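As structure tokens, the structure follows; a few thoughts come after it.
The values are calculated or read from the model by the stated rules, or taken from the named source; none is laboratory data. Quick caveat: nothing in here was measured; it's all calculated off a predicted structure. Neighbour counts are summed over all protein chains in view; Cβ atoms, including those assigned to glycine, are modelled from backbone coordinates with ideal geometry. Each accessible area value is taken on the protein alone, full model and side chains, heavy atoms only, with ligands, DNA and RNA left out. Shrake-Rupley method; radii C 1.70, N 1.55, O 1.52, S 1.80 Å.
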Amino acid sequence: MFRTNYTNLTKKQVEDVLAKSTPPVGASALCSRLTGKRLKIVLDKLPVEGPTLEYEFQSDTKLTVRENGGDAIACDYGALSINEVTLFSYMIPAAKRGFTVVVNWKTSVVTAFEMWFIDREGIVVDTTKEFYDYPEALGLGAFVNREVQRQYYFGYFETSGKEPPRNRDKLSLRMENCMIHWKDDRGKSRLSTYTSSTYSTLVELDTPDGGDVLTFVSDILQINDYMFIYCFGEVEYSGRLGVEVIDLFATKKIGISVGIDEDDKFEHTLYTGCGRNLGRYATFYDFNDRGDKYSEFVTNRLDFSVKGARATYRPSIMTKSITQDDLNEAAKNPLIFTQTDENIMFCDQTLADTDYFAGKSFTFRGDDGYSVLYIFTSDTELQYRIEGEHGWHTEKYGASMLDDELVILGHYRTGAYPPASHVLALDFKNGLATCIDARFGSKYDLHDIDANYHFGYIDMEGLVPLRIARHGFTDELLGRAFTWTYSDLMSSIHIYNAPHSYSWTIIANAKAGTPGNRAGGPVWSSPCEYIKLRDDVYIMNWIEHKWEGMMGCACMNLRIMHDCGFTFGISHDGKSIFFDKLSALCRCAGRLDLSGIYPLRNYNAKA
């Protein structure tokens, strides 16, 4: 899904797709529990007024529905049940809308999801001309034609002689940072992490190009102590909507997928699944937080009285698309070690600078032939020359001692085109070295960073490097999670949940004295690589491919629980290239065993 180029469908094209839609289908046999029943569902009026829905179920595939006492409409539907709960789903013919309804027969409580495609021509954001920050993007609301919108309503069904139930399903944090490996009857194998009440992540283990962590805007609602409703929108991807009922006692689920698939065909599928609970990472909301309300970070930016409001994160419209001319112009005046507002990881937790290099010279020699000569004229300035090229270049540099005689060095490469940088991990105890040679212009996008990883050694008078051992890629961080506190204004939670990808949750503007105050903000994910330098000392290098394109190189020492490193990218307006320091304090947020999910590789990473 990460690299699928979904068609930017027009309103007319969406209508044409829906005109060819077929009744809901089940990968396995559907449920006949509703056949012959009549059901009157009353939905609550707040925060959005829900309709009254009256159903007659003629069979296990046909129903009629009246909304607010209107005319009866015949619809095709499909249903599945789990324990005392039934989920049924239908689209209203020629209406571009429908419902997925979750009925609890034991309590008479109902949660209904209205689903629709926007009934207007959506806008196309031309990011060569305009872009939006997070609150502005939220303010655009629903504007992509192919995306299935949703509004959930709480309510109940009427029972003769019984008073309406007082309780309702509710927003919940009880699944926060739970990770489950699901296999369903569609043949899909997926790794799901429920990162908050508004976001979740997914790894498609069954697809040939799977392995990238995907992030979805989500609703996680609690039915009882062990059953939950999980709704997720594949926003920024296909636009499909999924609704699932999850039983954590049995680790089973039922669900539906509604939307337009990769081939631009309508999909309305019901499925069942079994899972394996892999455990939970730590959570950082207030101990007294019941999780039945959205965080202030979300409510300050969204008006939930507006139908369809959801905390949709849209990185694809938050950065200006650049041309070759834009990149040429931005490269003329790069921002080097300026700690601009563009760098949200502004670090007041910086690992101390080191003067270790002053007066030294050496050559980095990569085993692949990539070699760089260095002369250090001071503790902030160096000269370098890439072997095989002519001329020396003078640069500012940053360096920090990450471990005993292990230094992290970074510098921009002025005059290189496309714009480029070097980050080096230099181990003077055993002579090993790694160089990350990064430059703009991946095969996917001009503003994406492309990183080349060179493993080798330090060629320096008086230093004899280890002959065989090298730094190298590693799986040792796989399944771990950490918090990173960059400043009083911004922290994040990293979950390393795939061999070449990870996700992060931004925690911004938390109130002093509280462990997060439910201030968790956007969740997103990106490709990355993990490198082992020594025991407990690693590099995690991520690149925000497909969206902002920024590279972040976090070099971490898990004995001192601190990192240092560098960010390299282009500003959101496309006018400035930046290379700056990155540094944060670390806390362990848990560890899960993913060895049964991914085949672990036997890297030579001993040092």
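Of the residues that sit in region 185-206 and are of a type in the set (Asp, Glu) and open to solvent by 20 Å² or more (accessible area, probe 1.4 Å), which one is modelled with the highest pLDDT?
By that ranking, first place goes to Asp185.
Kindly check whether there is at least one residue in region 456-469 that is open to solvent by 10 Å² or more (accessible area, probe 1.4 Å), modelled with pLDDT of 95 or more and under 22 Å from Lys575 (Cβ atoms).
Within region 456-469 (the criterion being open to solvent by 10 Å² or more (accessible area, probe 1.4 Å), modelled with pLDDT of 95 or more and under 22 Å from Lys575 (Cβ atoms)), the answer is no, since none of the residues qualifies.
When region 380-411 is examined, which residues are found to be crowded, with 16+ Cβ neighbours inside 10 Å and assigned to a loop (DSSP other than H, G, I, E, B)?
Thr380, Tyr397
Let's see how each residue does on (1) over 30 Å from Trp116 (Cα atoms); (2) within 30 Å of the chain's Cα centre (by Cα):
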| site | (1), (2) |
| --- | --- |
| Arg276 | yes, yes |
| Thr312 | no, yes |
| Ile317 | no, yes |
| Leu327 | yes, yes |
| Gln339 | yes, yes |
| Asp367 | yes, no |
| Tyr374 | yes, no |
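Quick one: which of Arg190, Arg150, Arg166 is without any contact (Cβ under 8 Å) to a residue 24 or more places away in the chain and part of a strand (DSSP E or B)?
Of the residues listed, the single one that is without any contact (Cβ under 8 Å) to a residue 24 or more places away in the chain and part of a strand (DSSP E or B) is Arg190.
Evaluate the following for Tyr444: is it open to solvent by 50 Å² or more (accessible area, probe 1.4 Å), in contact with a Gly (Cβ under 6 Å, 6 or more places away or on another chain) and in contact (Cβ under 8 Å) with a residue 12 or more places away in the chain?
For Tyr444, the condition - open to solvent by 50 Å² or more (accessible area, probe 1.4 Å), in contact with a Gly (Cβ under 6 Å, 6 or more places away or on another chain) and in contact (Cβ under 8 Å) with a residue 12 or more places away in the chain - is not met.
Within region 284-308, track down each residue that is closer than 29 Å to Lys546 by Cβ and buried (at least 21 other Cβ atoms within 10 Å of the Cβ).
Phe284, Ser295, Phe297, Val298 - these are the residues of region 284-308 that are closer than 29 Å to Lys546 by Cβ and buried (at least 21 other Cβ atoms within 10 Å of the Cβ).
Could you list, in sequence order, the residues of region 271-312 that are in contact with an Asp or Glu (Cβ under 8 Å, 6 or more places away or on another chain), polar (S, T, N, Q) and more than 30 Å from Asp185 (Cα to Cα)?
Within region 271-312, just Thr283 meets the criteria.
May I ask you to list the residues in region 388-428 that are charged (D, E, K, R) and modelled with pLDDT of 95 or more?
Correct list: Glu395, Lys396, Asp403, Asp404, Glu405, Arg413, Asp427.
Which of the residues belonging to region 232-259 are in a strand (DSSP E or B) and under 13 Å from Met175 (Cα atoms)?
Passing the criteria: Val245, Ile246, Asp247.
Out of the residues in region 364-379 meeting the condition of being within 18 Å of Asn452 (Cα to Cα) and assigned to a strand (DSSP E or B), tell me which one is most open to solvent (accessible area, probe 1.4 Å).
Initial filter on region 364-379 (within 18 Å of Asn452 (Cα to Cα)): 364-373.
In the following step, the residues that additionally are assigned to a strand (DSSP E or B) were identified as 364-366, 371-373.
Working: Phe364: 0, Arg365: 61, Gly366: 11, Ser371: 7, Val372: 0, Leu373: 31 Å².
Looking at the filtered set, the residue picked out is Arg365.
Residue under question is Thr319, and the condition is that it be touching a residue at least 60 places away in the same chain (Cβ under 8 Å) and either part of a loop (DSSP other than H, G, I, E, B) or open to solvent by less than 20 Å² (accessible area, probe 1.4 Å) (or both); does it hold?
Considered against the rule, which asks whether it is touching a residue at least 60 places away in the same chain (Cβ under 8 Å) and either part of a loop (DSSP other than H, G, I, E, B) or open to solvent by less than 20 Å² (accessible area, probe 1.4 Å) (or both), Thr319 comes out as yes.
Output yes when any residue across region 110-132 is within 28 Å of Thr272 (Cβ to Cβ), in contact with a Cys (Cβ under 8 Å, 6 or more places away or on another chain) and crowded, with 19+ Cβ neighbours inside 10 Å, and no when none is.
yes
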